[in-house]
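Have a look at the structure below, then the notes.
The values are calculated or read from the model by the stated rules, or taken from the named source; none is laboratory data. Remember, predicted model here, so these are calculated numbers, not experimental data. Glycine gets a Cβ as well: all are built from the backbone with ideal geometry, and neighbour counts include every protein chain shown.
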Amino acid sequence: MTTQCLSEVVPQIELFQVKNRPVVVSRTATQVSSNGGFLALGKIDRRVELIRAVAACFVDAERNRAVRDPDRVIHGLEDLLRQRVFQMALGYEDGLDADTLRLDPVLQVSVGKDTALGSQPMMSRLENWVSTKDLYRGWHEVVRVYARHFHVAGEPVVLHVDSTEDRCSGQLALFNGYYQDHCFHPLVVTEERTSFPLALIFRNGNVSSAHRVRSVLKRVLRWLREEIPGVQIVVKGDCAFGIADLVNWFEEIQVDYVLGLSGNAVVEKAVAHLAQEVQVEHQETKTPLQRFCSFSYRAQTWKNSHSVIAKVEHTGKGLNQRFVVCSMQAEDPEKLYETYHTRAKGIEAVIEQMKNGLRMDKTACHNKLPNQMRYLESALALILHLKIIDIVEKDLPHRPTVQSVIQKILKIGAIVTRSVRRFLIELSSVDPNTLWLMRILAT
């Protein structure tokens, strides 16, 4: 039994009448797209040379493709990767979307073709062709892109490290006691000023937050120092990363750090006097207050003593104490603690946008490597968004999110006219958001 297309069953639908004239709806054969924003992604990708550089790293993927007759290849690896990343950047995270979007004329032009693009099976094959070495080379190229197009000469590189929950089911899903669910537990490394994703690493759900963080940071630091000689690097992380292994290692390789520190009897005793003062002052004023101090502390597993910043606050619901260990001298404890606090606002916002805007956590493959490939594709989509945000944010009262960029700037209707001489793409003149897209295209 075959399923007929809706347009074949109901070629036209009459809705109502306006001044004795019927309002009729039908599917048109004209080349119309609702995704004019693909043009902005195509221009930025070509300017940064992002997809071409990363696709060139997939040496094993080309070999695994095992094409017997190269002359019959319709979709090159670069075209498939560009199509997949562009779709994810516009909110089409599901591989099934390719079956329809492959016919989108604006996507075809943005990818660099004028015929039908890859279908869903091709998207799945792309993510299963890659090897561990391909992904390693791909992330190395991502760091090169950061050094060439995002880093400002002379400025330090401040890295934010965190982990997140990627809920899933199936044989790969393992239980995480902290999140109380079956999930993957990816490790995320971003740059503070630009929110640039430097690493997004797949891990099993039952590992700790600091699992493999040293090995991941080791290669990210090495790549950064290769691409930006003499750069100063600072690493920030929450108390899950304030462990002896990292503290001693950062001291050994001479990298500055600001890490959260779990409280214990020794550090709590060191701020007991400050806690008492805060308690007394709150009872007198009945208002929330914060106090900061610094002191030298050495845990038994540390090689040397380090500065610890303490924040003692009373919010009206009780006393709260937080501790941060750092490699810098704490001349102004409050200011140094605030640099740690910005970490949470930075990387947590990036993770939230990658989950809600780019659907990074839609990892449904039965093997680890395809899921890791999904993380890389999400990172590439975010990089394109960061360039768009850099262009438009100076004219906005606040920095836009990935979700708002998709809804307000990229989801624009367009009519495509193909001729022998050119591709004419006409955007709506009554959509106010078209002005933002035109500004990006004209930049």
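Here are the numbers:
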| read-out | value |
| --- | --- |
| Residue check, Gln254 surrounded by fewer than 12 Cβ atoms within 10 Å (Cβ to Cβ), free of Cβ contacts under 8 Å to residues at least 40 places away in the same chain and within 30 Å of Lys218 (Cα to Cα) | yes |
| Any helices (runs of 4 or more DSSP H) falling wholly within segment 354-443 and containing at least 3 residues that are in contact with a Lys or Arg (Cβ under 8 Å, 6 or more places away or on another chain) and farther than 13 Å from Leu41 by Cα | 368-392 |
| Scan of segment 138-185 for residues that are surrounded by 14 or more Cβ atoms within 10 Å (Cβ to Cβ), in contact with a His (Cβ under 9 Å, 6 or more places away or on another chain) and within 19 Å of Lys355 (Cβ to Cβ), ordered by number | Ser163, Thr164, Glu165, Asp166, Arg167, Cys168, Leu172, Ala173, Asn176, Tyr179, His185 |
| Residue in segment 345-352 that is part of a loop (DSSP other than H, G, I, E, B) and without any contact (Cβ under 8 Å) to a residue 24 or more places away in the chain present | no |
| Qualifying residue in segment 389-405 (condition: of a type in the set (Lys, Arg) and touching a Leu at 6+ places or on another chain (Cβ under 9 Å)) | no |
| Residue that is nearest to the chain's Cα centre (by Cα) [pool: residues in segment 100-111 that are assigned to a loop (DSSP other than H, G, I, E, B) and under 20 Å from Leu427 (Cβ atoms)] | Asp104 |
| Some residue of segment 200-217 being touching an Asp or Glu at 6+ places or on another chain (Cβ under 8 Å), crowded, with 22+ Cβ neighbours inside 10 Å, at pLDDT 90 or above and not acidic (Asp, Glu) | no |
| Test: residue in segment 357-364 that is surrounded by fewer than 16 Cβ atoms within 10 Å (Cβ to Cβ), more than 13 Å from the chain's Cα centre (by Cα) and on the phi < 0 side of the Ramachandran plot | yes |
| Val18 being more than 19 Å from the chain's Cα centre (by Cα), modelled with pLDDT of 85 or more and β-branched (Val, Ile, Thr) | yes |
| Residue in segment 282-303 that is among the β-branched types (Val, Ile, Thr), assigned to a helix (DSSP H, G or I) and either modelled with pLDDT under 90 or exposed (fewer than 12 other Cβ atoms within 10 Å of the Cβ) (or both) present | yes |
